[in-house]
Amino acid sequence: MKQMKQWIGVGLIAVGIGLAGCTINDNVIKIEEEKRQLELPAESIEALNIVTDSGNLIVKGDEKATVIHVDADIKSKNVKPEEIIITLEKDGNTATLRSEINTGIGINYVDMTLTVTVPAQLPINLTDGSGDIDITDLAGKLTIEDGAGDIRLTNTSGEVEIHDQSGDIKIKDASALKLIEDDSGDITLENTGGNVAIRDQSGDMDIRKHKGDMTISDQSGDIVIDTVEGNVLIENDGSGERSVQNIKGSYTSK
């Protein structure tokens, strides 16, 4: 069997560590600030997996990018640097960015934001525990599994699937939506496209200017649909007000 090589992107602790403090009952709370950078050549990489425990995530597509670049901004209290693990690895044709926080018992605090710049065409599979997600300018396929936190997508042309537990979803200028599953939180779509199925448990839904067929199942929450170039099928609408207008295809409600 041919042995598969694994390449690991090296994290560079840049800029340094700063301290910020405030006094409460003569006890000083010190916040440590740290920056890390990781980078991996994108040559021969066909997909990127991103797996994060918590913290905010920003993903930016760049048509000219030849590397996967990660900037980590970390603020922490009572947490050792080695307890905050961020790795960027290549295994065959797949790269994996992973972040996890392994803290001990006691009062601790971590606030982390990862900013990831990737080649725009690179497909991404994202699994996130909690924290907001902001993704822009991607042309590759995007799959999101999210526990909690808001999701915002802007200017994507690849196929999109979202499975979300809680948090609002806002999508603008995305031309190939396929599936949105959301347990709780509002869904807002503006200037989108694709034959898409939306399955929503609770939360309002606002859809404006969509090209493609839509199949919607909603348990609770208001629904506003305005201007769809395609067919609209509402399979289930449990509770909430509904406003549907300017549908250029068929409109069916069961």
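Restricting attention to the stretch 78-113, the residues that are free of Cβ contacts under 8 Å to residues at least 60 places away in the same chain, in a loop (DSSP other than H, G, I, E, B), farther than 16 Å from Val67 by Cβ and not hydroxyl-bearing (Ser, Thr, Tyr) total 9. Among the residues of the stretch 170-187, the one identified as within 14 Å of the chain's Cα centre (by Cα), of a type in the set (Val, Ile, Thr) and under 13 Å from Gln201 (Cα atoms) is Ile180. Select from the stretch 116-141 the residues that are closer than 18 Å to Glu161 by Cβ and charged (D, E, K, R) and list them in ascending order. Correct list: Asp128, Asp134, Lys141.
Just so you know, all these numbers are worked out from the coordinates, no wet-lab data involved. Here the structure is a predicted model, which means the values were calculated and not measured. No Cβ is skipped: glycine too gets one built from the backbone with ideal geometry, and neighbour counts run over all protein chains shown.
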